Structures are given as C-alpha cells and as structure tokens.
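Undergrad: Let me begin by handing over the structure; questions about it come next.
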Amino acid sequence: DTGVSQNPRHKITKRGQNVTFRCDPISEHNRLYWYRQTLGQGPEFLTYFQNEAQLEKSRLLSDRFSAERPKGSFSTLEIQRTEQGDSAMYLCASSFPPGVDEQFFGPGTRLTVL
Amino acid sequence: EDQVTQSPEALRLQEGESSSLNCSYTVSGLRGLFWYRQDPGKGPEFLFTLYSAGEEKEKERLKATLTKKESFLHITAPKPEDSATYLCAVQAGGNQGGKLIFGQGTELSVKP
C-alpha cells in the first residue's frame, strides 16, 4: 500500500495524559500536513512541514501540541496534558508541490479523552 | 478572512435523482479549489482540483464546476454507493502556504 498511513487508528486516554500519533506520508511527497476534524465539521488545519522544516502553525495549535518531522520522512504529533476538548479525528495528509498541490489524506487517528 | 460555506448541510436523494451541491468561498487569491469525498470513519478521498473560473472536471457520475465565487458538484443519476460526505476546500495564494480551508461538508444520502 503506497498511501498515507497513520498509527494508531484509535486512541482512548484519560484527561491529563500525553499521547503521540504517527504519520507516514507517501514516499516521494515532501509536504506533510496535520488537520483536526470534529463531528459534523470539515478538517481544520493545524500545521505543515516541507521536508523537515515546520513552515506554519495554526493559532488552534496550543502550547500543549507539538509536531516533528525528523529527516523529512514520517511525522509525529504529540498532545500533552490532554483535555476532553482534544477529542477529535486527527488527519495527516501529504503532497508533492510545486504549484497547486493535491493533498492525499490518511485514514486518521480517532482520539477519545475520558 | 478566507472562508468556505457549503450547502445544503444534508441532502437525501432517490437513486437516479440528479442534484447539485454548492460551495461558496471567499479567499485572498485562489490557487485551487478541491473536492473530496469522505466516508464515515475514514479520511477524505481526493476527487477534483479546479484552478480557474469556467473550468469543469468530470469523473463517473460527478461533475465539478467553478465560478469566481462558488463551485458546484453535480451528481447525475446517483447510486446508493455515492452516499458520503462531500467536502469542498480552497487553497489561497500569496504567502498562505499550502494549507486547505474546508467547508463543513454536505452529507449525501442516496436511497435505492
């Protein structure tokens, strides 16, 4: 399978715990994006990388959120001290610009904070 | 502020009953408008990219069109397997980076 993969697919955690998600993009894609989606809403942009450089972060991304993309390959998104409001689907997408770039999404990680 | 609004929020059709979904947008310099399909519990699946007003693209029973202020996704003779949420997104020009700004989606249900 050459698509975007995300792990884990589901995560249930207690409030206050830290969680980490992983995204493996399509191999030749140098841009990687993280989005968050809540029920009944479209995805909301969180952050994106071009190779290993994090180029933009949304104001939605509080200090409890951190993302990395070492060596420009896979990426991790960590949420510290989770809150119930963090419960959502976390989506990863990748693309291969230049120009207007179609983003291809992974299956997502469903986070539930109890 | 860049914004995307989709209507209706939900649409119920009988199999074979053609219809259209609307996506209205305001963006500072459109680089591209994207349509995605999303099934429950899954990530969005790419359908189309439109770049400029007047452009049209087709795929099976779907046709997407673009004007300067809105896009339409026309569904001709839909089948139950077309049931899904359809998402519209825009990518802005300038120094906006590559992020997509999504609408809230239209949930389509096609009954046999």
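The values are calculated or read from the model by the stated rules, or taken from the named source; none is laboratory data. Just so we're clear, the structure is a prediction, and the values are computed from it rather than from any experiment. When we count neighbours, we look across all protein chains shown, and the Cβ atoms used for this are built from the backbone with ideal geometry, even at glycine. The protein model used for the area step is the full one, side chains on, heavy atoms only, and it has no ligands, DNA or RNA in it. Shrake-Rupley method; radii C 1.70, N 1.55, O 1.52, S 1.80 Å.
Undergrad: From the list A:Arg22, A:Arg36, A:Arg59, A:Arg15, which one is over 21 Å from A:Glu102 (Cβ atoms), assigned to a strand (DSSP E or B) and more than 10 Å from chain B (Cβ to nearest Cβ)?
TA: Of A:Arg22, A:Arg36, A:Arg59, A:Arg15, the one residue that is over 21 Å from A:Glu102 (Cβ atoms), assigned to a strand (DSSP E or B) and more than 10 Å from chain B (Cβ to nearest Cβ) is A:Arg22.
Undergrad: Please list, ordered by first then second residue, the pairs with beta carbon atoms under 8 Å, 6 or more apart or interchain, first in segment A:18-42 and on the phi > 0 side of the Ramachandran plot, second surrounded by 16 or more Cβ atoms within 10 Å (Cβ to Cβ) and not in a strand (DSSP E or B).
TA: A:Gly40/B:Gln104; A:Gly40/B:Gly105
Undergrad: Evaluate segment A:75-92: report whether one residue or more is open to solvent by less than 60 Å² (accessible area, probe 1.4 Å), β-branched (Val, Ile, Thr), assigned to a strand (DSSP E or B) and at pLDDT 95 or above.
TA: Yes, segment A:75-92 has at least one match.
Undergrad: Which of the numbered conditions does B:Ser24 fail, given that it passes all the others? Conditions: (1) more than 14 Å from every other protein chain (Cβ to nearest Cβ); (2) of a type in the set (S, T, N, Q); (3) under 22 Å from A:Phe45 (Cβ atoms).
TA: The failed condition is (1).
Undergrad: How many residues are facing another protein chain (nearest Cβ under 10 Å) and either at pLDDT 95 or above or under 26 Å from A:Arg36 (Cβ atoms) (or both) when one looks only at segment B:48-74?
TA: Count: 3.
Undergrad: Further question: Exactly one condition in (1) surrounded by 13 or more Cβ atoms within 10 Å (Cβ to Cβ); (2) within 11 Å of chain B (Cβ to nearest Cβ); (3) more than 14 Å from A:Ser94 (Cβ to Cβ) is false for A:Tyr48; which is it?
TA: (3)
Undergrad: Starting from segment B:8-21, take each residue that is more than 16 Å from A:Gly40 (Cβ to Cβ) and list its partners that are part of a strand (DSSP E or B) and basic (Lys, Arg), counting only C-beta distances under 8 angstrom and pairs at least six apart or across chains.
TA: As it stands, the answer is B:Arg12/B:Lys111; B:Leu13/B:Lys111; B:Gln14/B:Lys111; B:Glu15/B:Lys111, since those pairs meet every condition given.
Undergrad: Same structure, new question: Write out, first by first residue and then by second, each pair whose Cβ atoms fall under 9 Å of each other, whose residues are 6+ apart or on separate chains, and whose first residue, in segment B:28-46, is open to solvent by 40 Å² or more (accessible area, probe 1.4 Å) while the second is assigned to a strand (DSSP E or B) and basic (Lys, Arg).
TA: Cβ pairs passing all conditions: B:Gly41/A:Arg110; B:Glu45/B:Arg37; B:Phe46/B:Arg37.
Here's the yes/no breakdown for (1) open to solvent by 20 Å² or more (accessible area, probe 1.4 Å); (2) hydrophobic (A, V, I, L, M, F, W, C); (3) within 15 Å of B:Tyr25 (Cβ to Cβ):
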position	(1), (2), (3)
B:Ser52	yes, no, yes
B:Glu56	yes, no, no
B:Arg61	yes, no, no
B:Asp82	no, no, no
B:Ala89	no, yes, yes
B:Val110	no, yes, no
